[in-house]
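Chemist: To start, I am sharing the structure in question, which I have written as structure tokens.
The values are calculated or read from the model by the stated rules, or taken from the named source; none is laboratory data. Computed from a predicted model, the values in this text were never measured in an experiment. Positions of Cβ are backbone-derived with ideal geometry, glycine not excepted, and every protein chain shown enters the neighbour counts. These accessible areas exclude ligands, DNA and RNA; they are computed on the full protein's heavy atoms, side chains included. Shrake-Rupley method; radii C 1.70, N 1.55, O 1.52, S 1.80 Å.
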Amino acid sequence: MLVPEIPLLGKAKEENHFQGLLNDMARNILIRSGFVSFTPSSDTDVAQFIEHFSGLWERVGDGFTPNPQDIKRQMDEYESILYDVWRLALRNDFASGPTPLVAQAAVTRTANPLIFRSHRLKRPVVIMAIEFWLFIAGTVFGLLHWAEGSGERETVGKNLFISSVKRWVTNDPNPSTIGRDLAEAATLDLDISNYAVGLADAAFTWAFLHEMGHFALNHLPTAEVMRGMSADGTATATSIVYGHEDELAADAFGFDRYLGLMPLTMELRQHIRFGPQIDHAPIVAFELMDFAYRLESRYDLLNSSSHPAPLERAKVLMMSRGSDLSEEGCDWYGYWSERLAALQVELLG
Ligand SMILES: [Zn+2]
């Protein structure tokens, strides 16, 4: 598991575990893994979102209005593009034997990616909770609009940052307005959009590789059933807690495979925003987690028995791989750090 937020072993079987946009691949994996209850978004919801997004996009001012059909097709393709990137990152691992099944899904009971061994399939399943992607995208959009904008844009940015933090830390399962807020943020400034989406994809990729690290390094218990998760992440259970050492080892595995994608930048750029300037993505993700816990006064999650504190994990990664990070990455990280520090002063004092 990525951060200290732990499945609650209890009876939650009747509840919906998943909600929101769910493609066929994810749906099939989840059904086969024993998750039978989820609520897919209705076609009407999807159509309305796309129409709203198209309207916002007109404001960007290049005279181009996207075709709703194109947007729908791109949304469908997007998920499989990420799967392809992840497969590339693990191109030198798992030459033989079954690898975990992977589902990107909106999970109602956790805002974080996790891996567990499916009792039914006798095979590990990685659930990539898209709330984590939304947390990174929302906070990065928010922070950069706050830092770069003035007047209304500054306020929009700050509010988006705060609401993204709250959603992630409290794991608010309500289908809220975050999609619309993000869509609005995405049409204010194309450079910031490229950066925020690229960084969210990068952090999501690294989070996936962290979970695969638990599998590769044999951290998984032999069988477990995910019955439910605590809404606020405070419940404790025994089976998915690996301990600090295992988390650091999974972090290192994930960072190594993530950095291993850098030589493939030109190839990846045909499909997603990717490049050495975002090689600090895991570090930035840890800093955002630390900020989020403090903003919500969740010191229990900051100092957990299962996971080292986020900044400690960032420090360990920097100590082991800092010299492998690129000049572009360091430049961008300098730009980021200044603005992050400013928002911390503004919000935390
Ligand atoms: Zn973990």
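Chemist: Per 0.36 nm of contour for each residue apart, how much would the distance between residue 218 and residue 264 grow if the chain were fully extended, relative to their Cα-Cα spacing?
Modeler: 13.8 nm
Chemist: Just add up the charged neighbours of residue 218: K/R +1, D/E -1, any other residue whose Cβ is under 14 Å from the Cβ of residue 218. All intermediate terms of the calculation are to be shown ahead of the outcome.
Modeler: Values: positive: 117; negative: 93, 211, 245, 246.
Neighbourhood net charge equals -3.
Chemist: What figure, in Å² to the nearest 10, do you get for the accessible area of residue 294 with a 1.4 Å probe and non-protein molecules left out?
Modeler: Accessible surface of residue 294 is approximately 90 Å².
Chemist: Here is a further query. Eigenvalues of the Cα gyration tensor times 5, then square-rooted: what semi-axes does that give for segment 246-349, in whole angstrom, largest first?
Modeler: Numbers: eigenvalues 131, 66, 26 Å².
In descending order the semi-axes read 26, 18, 11 Å.
Chemist: Further, regarding this structure: How far is it, in nm, from the label point at residue 318 to the one at residue 339 when both lie 7 Å from their Cα along the line to the Cβ?
Modeler: 1.9
Chemist: Relative to a virtual label point 7 Å from the Cα of residue 166 in the Cα→beta-carbon direction, which members of segment 178-214 show backbone nitrogen distances below 17 Å?
Modeler: From segment 178-214, the list is 178-182.
Chemist: So what's segment 268-316 giving for Rg/Rh, alpha carbon basis, Kirkwood Rh from the mean inverse pair distance? Spell out each step's value before the answer.
Modeler: On the way: Rg = 13.9 Å, Rh = 12.2 Å.
Rg/Rh: 1.14.
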